[in-house]
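Enquirer: Once you've had a glance at the structure underneath, I'll fire off some questions.
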Amino acid sequence: MAFAADPTFTVYGAPWCPHCKRVKRFLAAHRVPFDYVDIDEHPEAIERLMEVQAGKQIIPMVVFGDGTHDVNPSDEILAARVGLTVEANRSAYDLVVIGGGPAGLTAAIYAAREGIDSIIVDASALGGQAGITGRIDNYPGFPDGISGAELAERFVAQARRYGVELLSAVSVTAVVRDGEDLVTSLVSGQQLTSHAVIVATGSTYRRLDVPGEDDLIGAGVHFCATCDGPFYRGADEVIVIGGGNSALEEGLHLSEFAGLVRVLARSGLSASSILQERVRSDPKFVIRTGVDIVELEGERGRFSAVVARDRASGETHRFAAAAVFVFIGLDPKNAFLGDAVERDKGGFLVTSPTMETSIAGVFAAGDVRSGSTKQLGSAVGDGIVALLMTRRHLEAHNQKAVALVDA
């Protein structure tokens with residue numbers, strides 16, 4: 001991606017402001033350096049807001065490197081200021097890959113090597129969840145681990161080396177069939193025609209949306225025990241938030257590293273009876289239900305404690321721990337496909353053994369696919385398999401087209 005001459009921005013905001021969080025996430029996801037000024041912690045900054053805004057005090061306000069500013073800028077405005085390309089070079093491709101995480105980037109790299117003309121379109125930043133992960137320690141080939149941002153940049157650099165066209169900060173609004181082709185509509189109004197589509201948009205971990213969460217992600221606040229649990233080998237205590245199957249399964253994994261696993265759940269445990277029995281009978285577990293999480297505390301930039309409120313008594317409790325792992329669900333990012341595609345009960349795309357969805361010519365790979373393991377390595381494998389299956393589809397399409405011409 002190409003940044004502006006001076007990409008250092010200053011964001012004025014507050015922890016209770018949802019658009020402030022959106023702006024911070026956008027800049028962080030695109031790996032744009034910025035300074036953040038919390039007006040609650042620095043009330044004198046309000047004078048700066050009023051000075052720049054001619055007496056107003058609206059947040060978020062972003063001051064750019066050239067001294068200009070925008071109040072509550074949209075993602076499209078931020079994309080333009082960062083210098084992102086938001087329009088495709090052409091209107092027709094062999095393949096459109098929706099999603100620029102590890103699965104989508106891998107599929108596009110393999111497509112380029114196969115001579116398949118493809119483009120990647122991503123609603124956010126290239127690199128996906130991996131790109132905003134502080135450190136990845138379980139990806140083969142990196143014995144000392146690697147930062148998520150660096151690994152994402154390597155994926156992107158390899159795709160660029162093979163000439164893959166990349167669009168980021170551009171949402172897809174629909175994918176529909178048009179005869180033998182597929183039409184992918186972008187939020188900009190542009191439409192891309194292709195013979196095949198790979199959906200690799202992934203899923204997002206549901207967040208608590210409480211003070212402290214955004215600033216501590218990767219610094220003691222995590223969403224994957226398999227990925228990050230080993231960092232806490234020998235820790236006295238870690239906390240798991242959630243009461244479903246994933247929460248208890250990940251909690252059992254964390255019990256291999258920490259001396260105590262404290263489970264906090266908003267209501268009663270909803271996991272299977274077998275999992276509940278395993279956890280309740282394990283002396284390493286302490287379970288507390290009926291609590292709302294109100295804050296994640298940090299010290300010197302690292303997580304230190306969970307503040308929870310008892311839903312019955314209203315009493316507030318503080319639980320100190322080495323880390324907290326949040327497992328309150330996943331949301332697949334596939335709403336743009338509408339009701340025409342088959343999904344499982346969790347909303348993930350159901351695919352055939354060839355990775356094809358119920359829409360002919362539309363394939364799925366990675367976390368958005370039903371049955372995927374939500375792991376980086378398997379997402380890369382999914383991208384490879386989806387591309388190989390897509391290649392077969394394209395070969396059949398081309399043979400059919402030749403037969404029609406000959407007839």
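The values are calculated or read from the model by the stated rules, or taken from the named source; none is laboratory data. Note that the coordinates shown come from a computational prediction; the quantities given were computed from them, not determined experimentally. Positions of Cβ are generated from backbone atoms using ideal geometry, with glycine treated the same way; all protein chains shown enter the neighbour counts. Ligands, DNA and RNA are stripped out before the accessible areas are found, and what is left, the full protein with its side chains, is counted by its heavy atoms. Shrake-Rupley method; radii C 1.70, N 1.55, O 1.52, S 1.80 Å.
Enquirer: Starting from the Cα-Cα distance between Asn72 and Thr204, subtract it from 0.36 nm times their residue separation and give me the gain in nm to one decimal.
Expert: 45.2 nm
Enquirer: Mind checking the per residue accessible area of segment 120-276 for me, 1.4 Å probe, whole number of Å²?
Expert: 41 Å²
Enquirer: Of all trypsin sites (Lys or Arg not before Pro) in segment 298-364, which ones are in loop regions per DSSP and have a Cβ with at most 15 other Cβ atoms within 10 Å?
Expert: Arg300, Arg311, Lys345
Enquirer: Moving on to the next point. By average Cβ neighbour count within 10 Å, what is the ranking of 162-172, 66-76, 348-358 from highest down?
Expert: Final packing ranking: 162-172, 348-358, 66-76.
Enquirer: For segment 32-90 and segment 377-400, write down the distance between their C-alpha centroids in whole Å.
Expert: 42 Å
Enquirer: For the chain, what class follows from the C-alpha gyration tensor (a ≥ b ≥ c being the square roots of its eigenvalues): rounded when a/c is under 1.5, otherwise prolate if a/b is larger than b/c, else oblate?
Expert: oblate
Enquirer: Treating only the Cα positions of segment 305-407 as identical point scatterers, give the base-10 log of I(q)/I(0) from the Debye formula at each q in 0.18 Å⁻¹.
Expert: Listed by q, the Debye log ratios stand at -0.90.
Enquirer: In nm, to one decimal, how far is the Arg392 label point from the Arg302 one, both placed 7 Å along Cα→Cβ?
Expert: 5.0 nm
Enquirer: Hey, can you rank 232-241, 114-123, 359-368 by average C-beta count inside 10 Å, highest first?
Expert: Per-residue mean Cβ counts within 10 Å order the peptides as 359-368, 114-123, 232-241.
Enquirer: Let me ask you something else. Name the residue farthest towards the positive end of the dipole of the chain from the options Ser281, Ala219, Phe319, assuming +1 on Cβ of Lys and Arg, -1 on Cβ of Asp and Glu, about the Cα centre.
Expert: Of the options given, the answer is Ser281.
Enquirer: Further, regarding this structure: If I fit a long axis through the Cα atoms of helix 102-113 and take the longest principal axis of the Cα atoms of the chain, what angle between them do I get, 0 to 90°, rounded to 10?
Expert: Relative to the chain, helix 102-113 is tipped by roughly 20 degrees.
Enquirer: For segment 225-284, would you read off the P(r) tail past 18 Å as a percentage of all alpha carbon pairs?
Expert: Within segment 225-284, distances greater than 18 Å cover 26 percent of Cα pairs.
Enquirer: Once both labels are modelled 7 Å past Cα along the beta-carbon direction, what's the Val187-Arg311 spacing in nm?
Expert: 3.3 nm
Enquirer: Calculate, in nm to one decimal, what Arg154 and Ala401 gain on full extension: separation in residues at 0.36 nm each, minus their alpha carbon distance.
Expert: 85.2 nm
Enquirer: Using only the alpha carbons, work out the radius of gyration and Dmax of segment 136-225 in angstrom.
Expert: In order Rg, Dmax, the Cα atoms of segment 136-225 give 18.0, 51 Å.
Enquirer: Where both partners of a DSSP beta bridge lie in the chain, what percent of those bridges are antiparallel, to the nearest 5?
Expert: 45 percent
Enquirer: Once you've got the GNM for the chain with C-alpha springs shorter than 10 Å, pick whichever of Gly314, Gly290, Gly347 has the biggest mean-square fluctuation.
Expert: The residue with the greatest mean-square fluctuation here is Gly314.
Enquirer: For segment 75-135, what is the convex hull volume of the alpha-carbon atoms per residue, in Å³?
Expert: Each residue corresponds to 101 Å³ of Cα convex hull volume.
Enquirer: In debye, nearest 20, what is the charge dipole magnitude of the chain about its Cα centre with +1 on Lys and Arg Cβ and -1 on Asp and Glu Cβ, if you could check?
Expert: The calculated dipole for the chain is roughly 680 debye.
Enquirer: Classify segment 114-159 from the C-alpha gyration tensor, please: rounded if a/c falls under 1.5, else prolate or oblate depending on whether a/b exceeds b/c.
Expert: Since a/c reaches 1.5 but b/c is at least a/b, the shape of segment 114-159 is classed as oblate.
Enquirer: Now a separate question. Just from the alpha-carbon atoms, what are the Rg and Dmax of segment 153-197 in angstroms?
Expert: Calculated on Cα positions, Rg and Dmax stand at 12.8, 38 Å.
Enquirer: Rg (Å, one decimal) plus Dmax (Å, integer) for the alpha carbons of segment 1-79?
Expert: When restricted to the Cα atoms of segment 1-79, Rg and Dmax are 11.9, 36 Å.
Enquirer: Turning to a different aspect of this structure: What distance in nm lies between label points placed 7 Å from Cα along the C-beta direction at Glu47 and Thr289?
Expert: 5.4 nm
Enquirer: Once you order the gyration tensor axes a ≥ b ≥ c over the Cα atoms, which shape class does segment 44-195 get: rounded for a/c under 1.5, otherwise prolate or oblate by comparing a/b with b/c?
Expert: Oblate shape, in that a/c is at least 1.5 and b/c is the bigger or equal ratio.
Enquirer: Find out how many positive minus negative residues lie around Ala29, taking Lys and Arg as positive, Asp and Glu as negative, among other residues whose Cβ is under 11 Å from that of Ala29.
Expert: Surrounding charge for Ala29 is +2.
Enquirer: Could you give P(r) for segment 139-178, binned at 10 Å from zero, as whole percent values over all Cα-Cα pairs?
Expert: 21, 35, 29, 12, 3
Enquirer: Now for a separate question. Quick one: with all protein chains in place, what share of the accessible area of the chain is carbon or sulfur, to the nearest percent (1.4 Å probe)?
Expert: C and S atoms contribute 50 percent here.
Enquirer: Something else now. Once you keep just the Cα pairs under 8 angstrom separated by 6 or more residues, what percentage relative contact order results for the chain?
Expert: Reported relative contact order: 14 percent.
Enquirer: Another question about this same structure. Quick check: Cα centre of segment 253-305 to Cα centre of segment 114-150, how many Å?
Expert: Centre-to-centre (Cα) distance: 30 Å.
Enquirer: Let me have the 222 nm mean residue ellipticity of the chain computed from DSSP H runs of 4+ only, each contributing -39500 (n - 2.57), with the sum over all residues rounded to the nearest 500.
Expert: For the chain, the value works out to -8500 deg cm²/dmol.
Enquirer: Do you know the relative contact order of segment 251-407, to the nearest whole percent, from alpha carbon pairs under 8 angstrom that are 6+ apart?
Expert: Dividing the mean separation by the residue count of segment 251-407 yields 11 percent.
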